[in-house]
Amino acid sequence: MANRQKTVYLCSECGCETPNWAGKCPSCGAWNTLAELRLGKDSAGRSSSSARGAKPKKLQELDTAEEVRFSTGISEFDRVLGGGAVLGSLILVGGAPGIGKSTLLLQMCAATAETRRILYVSGEESERQLKLRADRLGVTGGEIYVLAETDLDAILAAAESLRPEIVIIDSIQTVNQADVGSAPGSITQVRECTMRIMRLCKEKNLTVFVVGHINKEGSIAGPKVLEHMVDCVLYFEGERSTSFRILRAAKNRFGSTNEIGVFEMADRGLACVENPSEMLLSGRPENCPGTCVACVIEGTRPILAEVQALVTPSAYNAARRSNGVDYNRAAMLLAVLEKRGGLSVAGCDSYINVIGGLTLEEPAADLATSLAVASSYLDRPLGADLAAIGEVGLSGEIRSVSVLNQRLSEIYRLGFKRCVVPVHRSEEAASFSGLRLIPVRNISEAIAAVLARE
Ligand code: TYD
Ligand code: MG
């Protein structure tokens with residue numbers, strides 16, 4: 001009786017646990033997401049034994065030593081982690097296959113191996129492949145140990161005997177624990193393995209980086225299942241077709257999740273991009289209709305991005321495509337231009353694209369998007385020296401945005417001469433010599449101010 005395995009069902013969407021299988025998750029209502037999770041007698045035994053040893057301690061008497069951070073040697077990576085990685089933390093690095101997770105971590109090895117011993121466990125690449133990649137990235141010397149292994153017990157044993165300070169597991173979907181009895185990458189395996197890795201991490205005070213591939217729904221083998229266990233969740237984003245990459249923190253127990261890291265994938269690995277705006281604006285077409293520069297805040301940094309639009313008379317049903325701007329938001333902006341801006345865009349094909357594979361989530365980019373569309377529709381260029389900031393409301397009004405001055409200073413730094421801003425609170429805007437502000441009340445004023453025929 002004591003040996004009976006307990007089975008529960010776990011939802012891959014919300015992480016909810018139920019004793020019985022059902023077609024629909026009782027908690028989040030998603031269909032066909034419950035997967036069987038066998039709690040091995042072993043794992044049950046382990047958790048109860050550790051529970052027996054723990055005693056509550058008084059909060060004031062706890063060790064208050066500051067968390068110890070170390071630099072990953074990559075400035076943008078440190079920035080996202082909140083100023084370096086915390087010793088003894090478990091960090092999940094998620095992203096689509098081929099985005100550059102292994103590259104980033106191998107580059108971190110290169111930068112830290114002089115002072116710390118590292119164990120790089122790869123379940124995806126052979127030792128030879130890893131060596132070839134390391135050579136290409138210029139990773140030489142230092143105490144980097146490589147283990148091509150997928151069996152969790154073997155990995156943990158290697159970590160115990162080698163006593164590294166940093167362990168990299170690439171990737172969690174390839175690791176498997178023999179007695180769990182389900183396939184590697186399944187929710188049961190991923191959960192069990194992460195729990196044991198977590199235990200190793202806390203007992204031995206190791207810093208562990210775990211790579212997680214994102215499945216087609218955009219989650220790491222069921223999002224919540226891993227996210228709540230680890231200390232820090234980072235997502236690596238970007239279009240594979242462009243070289244621009246963004247590292248974002250989705251959770252951080254030791255810092256804010258406000259910061260982003262910007263990288264460029266080059267032929268010798270990832271390079272930090274300290275000036276993302278410059279990179280995003282390079283190669284802008286001059287004096288061409290249908291382009292406008294927006295300023296969004298990513299993390300704590302203002303970033304300038306070019307929004308392009310192409311509006312053409314439609315031969316058939318009007319088509320709409322938007323890349324980098326939410327489709328519904330783009331449809332709303334087109335409707336506002338039609339009704340409040342006096343442009344008949346409804347019968348046209350409209351294509352909107354943000355350069356560099358960036359996604360503009362902030363409404364502050366609305367005005368630039370609308371002006372790019374208007375410029376293409378009217379076939380008049382806005383001029384390369386113009387940027388626009390402002391949220392567009394349903395009545396066509398241009399609403400104020402947060403941290404206007406910070407945005408303006410980035411626009412000024414990049415040499416723009418004119419910027420369209422919301423009239424509301426524009427008197428509080430800082431003045432920069434050589435940057436002329438064009439305050440506007442609504443979308444038709446904006447169009448008249450910058451697109452009127454001379
Ligand atoms: P990789 O780190 O293997 O991705 P992941 O671990 O997230 O699956 O990166 C793979 C891509 O990066 C691959 O398509 C080639 C590209 N790449 C470069 O462009 N330059 C380089 O120096 C390296 C190492 C990779
Ligand atoms: Mg990889």
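The values are calculated or read from the model by the stated rules, or taken from the named source; none is laboratory data. Keep in mind the model is a prediction, meaning the values are calculated, not measured. Methodologically, a virtual Cβ is constructed for each residue, glycine included, from the backbone with ideal geometry; neighbour enumeration extends over all protein chains shown. All accessible areas refer to the heavy atoms of the entire protein, side chains included, with ligands and DNA or RNA removed. Shrake-Rupley method; radii C 1.70, N 1.55, O 1.52, S 1.80 Å.
DSSP bridge analysis restricted to the range 68-274 gives an antiparallel fraction near 40%, rounded to the nearest 5.
Measure nothing fancy, just the Cα-based angle from helix 327-339's long axis to the longest principal axis of the chain, in degrees from 0 to 90, nearest 10. Between the helix axis and the principal axis of the chain, the angle is about 10 degrees.
In the chain, the portion of solvent-accessible area held by carbon and sulfur atoms comes to 49 percent [1.4 Å probe, whole percent, DNA, RNA and ligands not counted]. Can you tell me the 0 to 90 degree angle between the C-alpha axis of helix 187-203 and the longest principal axis of the chain, rounded to 10? Compared with the principal axis, the helix lies near 70 degrees.
Spatially, the range 92-113 and the range 223-252 are offset by 12 Å when compared through their Cα centroids.
Give me the percent of DSSP beta bridges within the chain that run antiparallel, rounded to the nearest 5. Please list the in-between numbers first.
Numbers: 44 of 84 bridges.
The answer is about 50 percent antiparallel.
Sorting the Cα pairs of the chain by distance into bins of 10 Å, from 0 upward, gives 4, 18, 24, 20, 17, 12, 5, 1, 0 percent per bin.
In order along the range 250-265, the Karplus-derived 3J(HN,Hα) couplings, from 6.51 cos²θ - 1.76 cosθ + 1.60 at θ = phi - 60°, round to 9, 7, 8, 6, 10, x, 7, 9, 7, 8, 10, x, 10, 10, 10, 7 Hz, and Gly and Pro are given as x. For the range 318-394 and the range 144-187, write down the distance between their C-alpha centroids in whole Å. What the calculation gives is 49 Å, centre to centre. Axis of helix 404-413 versus longest Cα principal axis of the chain: the two differ by about 80°, to the nearest ten degrees.
With a probe of 1.4 Å, find how much accessible area the range 138-295 has per residue, and write the answer as a whole number in Å². Don't jump to the answer; show the numbers that get you there.
Values: 6420 Å² over 158 residues.
Here the residues of the range 138-295 average 41 Å² of exposed surface.
The shape of the range 68-274 comes out rounded: with a ≥ b ≥ c from the C-alpha gyration tensor, a/c is under 1.5. Where a ≥ b ≥ c are the square roots of the eigenvalues of the C-alpha gyration tensor, would you call the range 125-172 rounded, which needs a/c under 1.5, or, failing that, prolate if a/b is larger than b/c, or oblate? Here the range 125-172 falls in the oblate category.
Say the cut-off is 30 Å between C-alpha atoms; which of Lys202/Lys251; Lys204/Lys251; Lys131/Lys251 go over it? Pairs exceeding 30 Å: Lys131/Lys251. Annotation: for a label point projected 7 angstrom from Cα along Cα→Cβ of Arg268, residues of the range 95-136 with backbone N closer than 13 Å are 135-136. In this rough spin-label picture, where each label sits 7 Å from Cα along the Cβ direction, the Glu428-Ala22 distance is 4.9 nm. Here the spin labels are modelled as points 7 Å beyond Cα on the Cα-Cβ line, and at Ala158 and Thr7 they lie 3.4 nm apart.
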